[in-house]
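Taking it in order: structure first as structure tokens, then the write-up.
The values are calculated or read from the model by the stated rules, or taken from the named source; none is laboratory data. Just so you know, these numbers come straight off a predicted model, no measurement behind them. Ideal geometry is used to build each Cβ from the backbone, glycine not excepted, and the neighbour counts take in all protein chains shown. Areas reflect the complete protein model, heavy atoms only, side chains present, ligands, DNA and RNA absent. Shrake-Rupley method; radii C 1.70, N 1.55, O 1.52, S 1.80 Å.
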Amino acid sequence: MNKKNKNVWNARIKNKISSTFQKVSSSINIDKRLFNEDIIASIIHVEMLNRQKIINFKIKNKIIWGLKKIQNQ
């Protein structure tokens, strides 16, 4: 686990961290850098789902609203 990540998690998690969690959290610095791109890609994906009539307009708007809310925090 990256030392920076270890410090972040140690502040909240006092028990031994599982190996699975260590693997998942090891990419957190990359995830933080790609956060905006992930949100944009998710919005585009939701738009495609709507155009393909997999989800309706109302659901599309709710998902996009939620993604933008997360993006702006």
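Overview of values
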quantity: Matching option when the condition is at pLDDT 80 or above and either touching an Asp or Glu at 6+ places or on another chain (Cβ under 8 Å) or open to solvent by less than 80 Å² (accessible area, probe 1.4 Å) (or both), among ASN50, ASN56; calculated: ASN50
quantity: Those helices (runs of 4 or more DSSP H) lying entirely in region 9-73 with at least 2 residues within 19 Å of the chain's Cα centre (by Cα) and among the polar types (S, T, N, Q); calculated: 19-25, 35-51, 57-71
